[in-house]
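Please treat every number below as a calculation from the coordinates, not as lab data. On a predicted model such as this, the values are computed, not experimentally measured, just so you know. Ideal geometry is used to build each Cβ from the backbone, glycine not excepted, and the neighbour counts take in all protein chains shown.
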């Protein structure tokens with residue numbers, strides 16, 4: 001709990017309200033643009049299975065079979081797609097972080113909702129780091145598409161599973177925070193510290 005108290009204190013003032021709002025607006029603006037770009041990059045790469053199947057494959061031999069049916073230019077495009085994905089990671093990480101802090105600050109100090117907002121912000125950043133780790137192992141597998149160690153696929157899968165769990169938590173928490181914010185505005189007598 002001490003960790004969250006320290007971050008609560010930190011997030012109460014950092015980033016400043018002005019910078020937080022700027023970060024939130026910028027990430028909200030960039031998110032749909034970069035989402036379209038990353039989806040397009042993956043689409044033109046010709047990767048032979050769906051996005052979710054490629055993300056959650058933990059079997060190195062299966063991933064090698066995916067690469068085996070791709071041409072060399074498609075493998076190159078898939079590398080480029082990973083680069084575009086790193087920009088997407090940055091944008092969604094900043095979006096979840098800024099939205100979590102912004103929504104958390106809407107609640108009274110020592111409120112569980114405020115803590116939830118700050119935990120959501122941290123979860124978004126950790127999810128982004130997991131996604132970056134996942135991409136690193138995808139890139140490592142692409143250096144030798146038929147001979148990479150199968151352990152790379154397990155590490156890749158582990159990062160992806162952690163990312164998806166944290167993103168699921170973050171999305172659910174943001175929904176709770178949005179509903180809590182609306183209720184707090186609609187019912188001023190609501191005790192948000194519960």
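Summarising the label geometry, the points placed 7 Å from Cα in the beta-carbon direction at residue 186 and residue 43 lie 3.7 nm from one another.
Between the Cα long axis of helix 112-143 and the first principal axis of the chain there is an angle of about 10°, rounded to the nearest 10. Compute the angle between helix 17-45 and the longest alpha-carbon principal axis of the chain, please, reported from 0 to 90 degrees and rounded to the nearest 10. The angle comes out near 20 degrees. Taking each DSSP H run with n ≥ 4 as -39500 (n - 2.57) and averaging over every residue of the chain yields -28500 deg cm²/dmol at 222 nm. Stretching residue 112 away from residue 179 to a fully extended chain increases their span by 22.7 nm, per 0.36 nm per residue minus the current alpha-carbon distance. Distance between the pseudo-spin-label points of residue 140 and residue 76 (7 Å out from Cα toward the beta carbon): 2.6 nm. Would you look at the GNM of the chain, springs on alpha carbons closer than 10 Å, and say which of 132, 153, 37 moves the most? Of 132, 153, 37, the most mobile in the Gaussian network model is 37.
Taking every pair of alpha-carbon atoms in the chain, what share in percent sits in each 10 Å bin, from 0 to the bin with the longest distance? Spelled out per bin, shortest first, that is 9, 31, 28, 18, 11, 3, 0. If you plug the beta carbon distance of residue 126 and residue 56 into 1/(1 + (r/R0)^6) with R0 = 22 Å, you get a FRET efficiency near 0.75. Taking Cα atoms only, the orientation of helix 72-105 departs from the longest principal axis of the chain by about 10 degrees.
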